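Enquirer: Below are the structure tokens for one structure; questions will follow.
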Amino acid sequence: MEGEQPAGTLEDLLSFSQFQKHCKNYGYGGTIQEMRRKEFSRLAEVTYLDHIGTTLFPESLLQAFVADLSENVYGNPHSGNLSSRLTHDTIEHVRYRILQHFNTSSEDYTVIFTSGSTAALKLVAENFPWTSKSSRNSGSCFGYLTDNHTSVVGMRGIMKMFNVSSIPVTPEDLIESEAQTVKPHNDGTFHLFCYPALSNFSGTKYPLSWIKKIQTGKMLPARLPGNWAVLLDAASFVSTSPLDLAVYQPDLVNVSFYKIFGFPTGLGALIVSNHIGNLLKKTYFGGGTAAAYLSKEDFYVPKDSISDRFEDGTVSFLDIIALKHGFDVLQKLTGGMENIRNHTHALATYTYSVLSALHYTNGQPVICIYGDTEVRTCDLQGPIINFNVLDETGSVIGYTQVDKLASLCNIHFRTGCFCNAGACQKHLGISNAQVKSNLQAGHICGDEMDLIDGRPTGSVRISFGFMSTFEDVKVFLNFIVDTFIKKSFQGPLQIVDSEKFSRITLSQSESIGVGGKSPGKTGVTKNQLFSSLPIIENTCLCKGRATMATNNQPITLSRIYLYPIKSCAAFQVSQWPVAEQGLLFDRNWMIVNENGVCLSQKQEPRLCLIQPSIDMIRNTMIIQATGTPPIEVSLNECNSTAGICHNKVCGDREGTDPADDLHGDQMTRRFRANLVIDSKIPFQEEEWNELFIGCLHFKVSGKCTRCQIICINQTTGEKKKEIFQTLSSNREGKVTFGMYLLNSSCSSYPSLLTVGSEIYYTTAETKED
């Protein structure tokens, strides 16, 4: 099925029989379903497709590890007692297992444990035998493939400290050098070239045969006298493919173990050939690395062992012990890395073929795949598919929107540039100038600015792991088909009442966690609640410039909602105090889980059924939920005893939740507005710069970008993705609705906001006048 598109109807394409017809190496001889049932029951309805980010650990790995720790006493390996000796010997056994896994031995390679793959790269950068540039010598060179992870590119920062040149090399330039190269003379200088065995962006597998060609001068990253050593970034590659160090012999290899086993995290290794290991120049020395040293004199002699020299301090010995069980369990479940490679390759190839076959009725492709080849053999391509979704006109649908829609189906993948700016620029056609321009426009790595001037800033990546199944693939493909091809809503967006609404979320940056208690319901607000508040009438001098009427119709504040507990039900009031940071008590509390992590409707949709209300006279918050007795909490007690939860409220521009239809109060509640404004012109608020409501002055700070919460019915907690889709298709691909307001009133005292108040506003034109 290499590069071939399966024929037949859409139903045929998504059938297991069609999959089996072309994919013979799937499922480890029919054991995959039993593996998923026994080892990964926690996945339940989750479709996990981010295995290059991290794969998932099997239950039996944890069970074996915990049993090991329960039965044995492991001491600090630097001590000499029996428990410490057990630790030392177990660590050495794990080193042996790692070398065995990569088909080599301690005669040729040494394993140096690090805190991760990035730490291994940093160790190389700081200790490689660099020669600084001088008047007599051109010095060492650090070359790196442009399709490298950030952690490799970041090594060039250390090169500046050593006065060493850094050279980015494209794959095309490196291949071309093979035909032109003439072996330069050797002057004893060492250069280093780093390339990934697997591109974490596109899944391209770069030839391991390059290793020897670069070492022997048959391929030259740069024409310089000296010896070229090769650092192979294998962190992504070894998660699903075998690496044979007896056949391919790089000088240095970095790996990350959670990408192979899913556990433990924060543990990696530098596998270094012994001839290079003895040349590494150590400067800092930590505990356990010295054969002898003096504290009052600059005297230090390192230990003979390469690993002892470079493992500063006490290694993470319990995590290292966990690796033994990782190797045991992975072998038992899959039969080895060759089987994992074949299994994941079958899934990725099938998915690629179906995605390539999907077209709209007008002939436009649904998916734009970013890759270096359409021939997807397991030697050329890893189990990664990188793509963007297109609409019927061929325009890119932003990856943030695709991600939010996928989350409604419990599909997990990764979006952005994946810490690989070089590959991202190449495949998406982003110039250096555009990167800088995008930064000036406010776009940074990891944010949700997926489109700038209609051009994508990143993409969507799915990747498969050893426990991935055909069912995972089918859920994902059905999501693409149902969401982007079989659209439930056709034609323009029809919003009846909601066209009149402008919402603004006024929230604080930190919230107070209320243990694990369930919050509550709207209550009746009485005018006399506010009789004791020191209400100050602020007269804004600029109010005279503002506009009040639209087509001779006044604009009024029609509803006020506050949300005492984030992601819980709204508390509707007829009037309410506004303090410096927004509505008093709005989003002051959060629900947290047993680990102190704040929850939202994104994870727990039924939070909307918890109904909090504020009784200002009694100074209490009442929390109600069906089937549970009301909880009454003193506001003073809340503020004095609850712990601070350092999570941003609406840090991701959380908007509202969608409804079964696009009409009336149900729609308003899905968008979780604080203020609803009655106007006769749809989206009029998007032209406003500032707003005056009674004595209050607000500045308009920007459009509210909506997330998948708008797809949750706030009465039932049920999800439907159509609202999100429809809003996006009618808002030029951006799911925005409503505006953010900042309170700019002069007084430090709370001022009263009242339903029915007339609205004045200014626009850009008003300000210029």
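The values are calculated or read from the model by the stated rules, or taken from the named source; none is laboratory data. Note that the coordinates shown come from a computational prediction; the quantities given were computed from them, not determined experimentally. Note: ideal-geometry Cβ built from the backbone for every residue, glycine included; neighbour counts use all protein chains shown. Protein only, heavy atoms only, side chains kept; ligands, DNA and RNA dropped before computing areas. Shrake-Rupley method; radii C 1.70, N 1.55, O 1.52, S 1.80 Å.
Enquirer: How many residues, within the stretch 322-359, are under 20 Å from GLU39 (Cβ atoms) and aliphatic (A, V, I, L, M)?
Expert: Residues meeting the conditions: 9.
Enquirer: On to the next question. Restricting to the stretch 17-70, name every residue that is among the charged types (D, E, K, R), without any contact (Cβ under 8 Å) to a residue 24 or more places away in the chain and within 17 Å of PRO264 (Cβ to Cβ).
Expert: GLU59
Enquirer: Applying the selection to the stretch 249-275, what residues are in a loop (DSSP other than H, G, I, E, B) and not acidic (Asp, Glu)?
Expert: GLN249, PRO250, PHE257, GLY262, PHE263, PRO264, THR265, GLY266, LEU267, listed by residue number.
For (1) out of contact with any Phe, Trp or Tyr (no Cβ under 9 Å at 6 or more places or on another chain); (2) modelled with pLDDT under 95; (3) surrounded by 15 or more Cβ atoms within 10 Å (Cβ to Cβ), each residue gets a yes or a no:
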{"position": "GLU11", "(1), (2), (3)": "yes, yes, no"}
{"position": "SER17", "(1), (2), (3)": "yes, yes, no"}
{"position": "ASN25", "(1), (2), (3)": "yes, yes, yes"}
{"position": "ILE32", "(1), (2), (3)": "no, no, yes"}
{"position": "ARG37", "(1), (2), (3)": "yes, no, no"}
{"position": "ARG42", "(1), (2), (3)": "yes, no, no"}
{"position": "GLY53", "(1), (2), (3)": "no, no, yes"}
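Enquirer: For the stretch 419-443, which positions are over 25 Å from THR393 (Cβ atoms), open to solvent by 20 Å² or more (accessible area, probe 1.4 Å) and assigned to a loop (DSSP other than H, G, I, E, B)?
Expert: Selection gives CYS419, GLY442.
Enquirer: Among the numbered criteria (1) at pLDDT below 80; (2) in contact with a Gly (Cβ under 8 Å, 6 or more places away or on another chain); (3) surrounded by fewer than 21 Cβ atoms within 10 Å (Cβ to Cβ), which single criterion is violated by GLY655?
Expert: Status for GLY655: all satisfied but (3).
Enquirer: Taking the options THR131, THR110, THR104, THR146, name whichever one is crowded, with 19+ Cβ neighbours inside 10 Å and over 30 Å from GLY382 (Cα atoms).
Expert: Just one listed residue meets the conditions, THR131.
Enquirer: Now for a separate question. Of all residues in the stretch 360-391 being among the charged types (D, E, K, R) and loosely packed, with under 15 Cβ neighbours inside 10 Å, which is nearest to ARG455 (Cα to Cα)?
Expert: GLU374
Enquirer: Determine, yes or no, whether ILE260 is at pLDDT 95 or above and closer than 22 Å to LEU145 by Cα.
Expert: no
Enquirer: Mind checking which residues of the stretch 681-693 are surrounded by fewer than 21 Cβ atoms within 10 Å (Cβ to Cβ) and closer than 21 Å to ALA579 by Cα?
Expert: Matches in the stretch 681-693: ASN689 only.
Enquirer: Further, regarding this structure: Do we find that VAL253 is closer than 29 Å to PHE317 by Cβ, surrounded by 22 or more Cβ atoms within 10 Å (Cβ to Cβ) and touching an Asp or Glu at 6+ places or on another chain (Cβ under 9 Å) in this structure?
Expert: Yes; evaluated as a whole, the condition is true for this residue.
Enquirer: Testing ARG559 on (1) open to solvent by 30 Å² or more (accessible area, probe 1.4 Å); (2) out of contact with any strand residue (DSSP E or B) (no Cβ under 7 Å at 6 or more places or on another chain); (3) at pLDDT 90 or above, one condition comes back false. Which one is that?
Expert: (2)
Enquirer: Right, here's the next one. Can you work out which of the residues in the stretch 339-375 that are in a loop (DSSP other than H, G, I, E, B) and of a type in the set (Ser, Thr, Tyr) is farthest from ILE485 (Cα to Cα)?
Expert: Per the criteria, the residue is THR373.
Enquirer: So which residues in the stretch 273-329 are open to solvent by less than 30 Å² (accessible area, probe 1.4 Å) and within 31 Å of the chain's Cα centre (by Cα)?
Expert: Correct list: GLU311, VAL315, ILE320, ILE321, ALA322, LEU323, HIS325, GLY326, PHE327, VAL329.
Enquirer: Now, a different point. Consider THR716 against the criteria (1) outside any helix (DSSP H, G or I); (2) modelled with pLDDT of 80 or more; (3) out of contact with any Phe, Trp or Tyr (no Cβ under 7 Å at 6 or more places or on another chain); (4) surrounded by 16 or more Cβ atoms within 10 Å (Cβ to Cβ): it satisfies all of them except one. Which criterion is unmet?
Expert: Exception for THR716: condition (4).
Enquirer: Condition first: farther than 17 Å from GLN100 by Cβ, outside any helix (DSSP H, G or I) and among the small types (Gly, Ala, Ser). Now tell me which residues in the stretch 225-248 satisfy that.
Expert: GLY226, ALA229, ALA235, SER236
Enquirer: While we're looking at this one, here's another question. Within the set of pairs 6+ apart or on separate chains, which have a first residue in the stretch 444-473 that is outside any loop (DSSP other than H, G, I, E, B), a second that is basic (Lys, Arg), and C-beta atoms under 9 Å apart?
Expert: LEU451/LYS734; VAL460/ARG414; ARG461/ARG414; ILE462/ARG414; SER463/ARG414; GLU471/ARG36
Enquirer: Please work out which residue is most open to solvent (accessible area, probe 1.4 Å), limiting yourself to the stretch 562-575 and to residues that are in a loop (DSSP other than H, G, I, E, B) and either over 24 Å from PHE683 (Cβ atoms) or polar (S, T, N, Q) (or both).
Expert: Per the criteria, the residue is SER574.
Enquirer: Further, regarding this structure: Does PRO77 fit the bill of being of a type outside the set (Ser, Thr, Tyr), in contact with a His (Cβ under 6 Å, 6 or more places away or on another chain) and open to solvent by less than 70 Å² (accessible area, probe 1.4 Å)?
Expert: Yes.
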